[in-house]
Amino acid sequence: MSKWPSTRASLVFAALLRTGWVVKRQSGSHRILARPAHPDFVFAFHDREEIGPRMLARLARQTGLTPDDL
């Protein structure tokens, strides 16, 4: 069993903003997020889209997000 639950993209995006990421720019549904000492991250999900555990784990590796942040 994965420690990551399936979650809506809007909740994941809100968690990223709470953990220090800021929107650098946006083009459609592609949001480029920035955080000091991290490379830019492209968040390309629609708000109502469901993000599964496997994709959340990949996203967490790149952004430092933890299951407790959600």
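Within the range 2-55, can you find the residues that are of a type in the set (A, V, I, L, M, F, W, C) and on the phi > 0 side of the Ramachandran plot?
Ala37
Arg25: modelled with pLDDT of 90 or more, within 22 Å of Ser6 (Cβ to Cβ), out of contact with any Phe, Trp or Tyr (no Cβ under 9 Å at 6 or more places or on another chain) and not in a loop (DSSP other than H, G, I, E, B), yes or no?
Taking the combined requirement at face value, the residue does not satisfy it.
Output the residues belonging to the range 12-34 that are over 18 Å from Glu49 (Cβ atoms) and among the hydroxyl-bearing types (Ser, Thr, Tyr).
Answer for the range 12-34, where residues must be over 18 Å from Glu49 (Cβ atoms) and among the hydroxyl-bearing types (Ser, Thr, Tyr): just Thr19.
Could you list all residues from the range 1-22 that are modelled with pLDDT of 95 or more and either in contact with a Gly (Cβ under 8 Å, 6 or more places away or on another chain) or in a loop (DSSP other than H, G, I, E, B) (or both)?
If the condition is that a residue be modelled with pLDDT of 95 or more and either in contact with a Gly (Cβ under 8 Å, 6 or more places away or on another chain) or in a loop (DSSP other than H, G, I, E, B) (or both), then Trp21 is the only one that fits.
Take the range 28-70 and flag every residue that is open to solvent by 50 Å² or more (accessible area, probe 1.4 Å), within 19 Å of Pro5 (Cβ to Cβ) and assigned to a strand (DSSP E or B).
If the condition is that a residue be open to solvent by 50 Å² or more (accessible area, probe 1.4 Å), within 19 Å of Pro5 (Cβ to Cβ) and assigned to a strand (DSSP E or B), then Glu50 is the only one that fits.
Can you tell me which residue within the range 18-27, out of those that are among the polar types (S, T, N, Q) and open to solvent by 70 Å² or more (accessible area, probe 1.4 Å), is farthest from Gln62 (Cα to Cα)?
Ranking the candidates gives Ser27 first.
The values are calculated or read from the model by the stated rules, or taken from the named source; none is laboratory data. This structure is a prediction, so every number in the text was calculated from the model and none was measured. Cβ sites come from the backbone with ideal geometry, for glycine too, and all protein chains shown count toward neighbours. Ligands, DNA and RNA are excluded from the accessible area calculation, which covers all protein heavy atoms including side chains. Shrake-Rupley method; radii C 1.70, N 1.55, O 1.52, S 1.80 Å.
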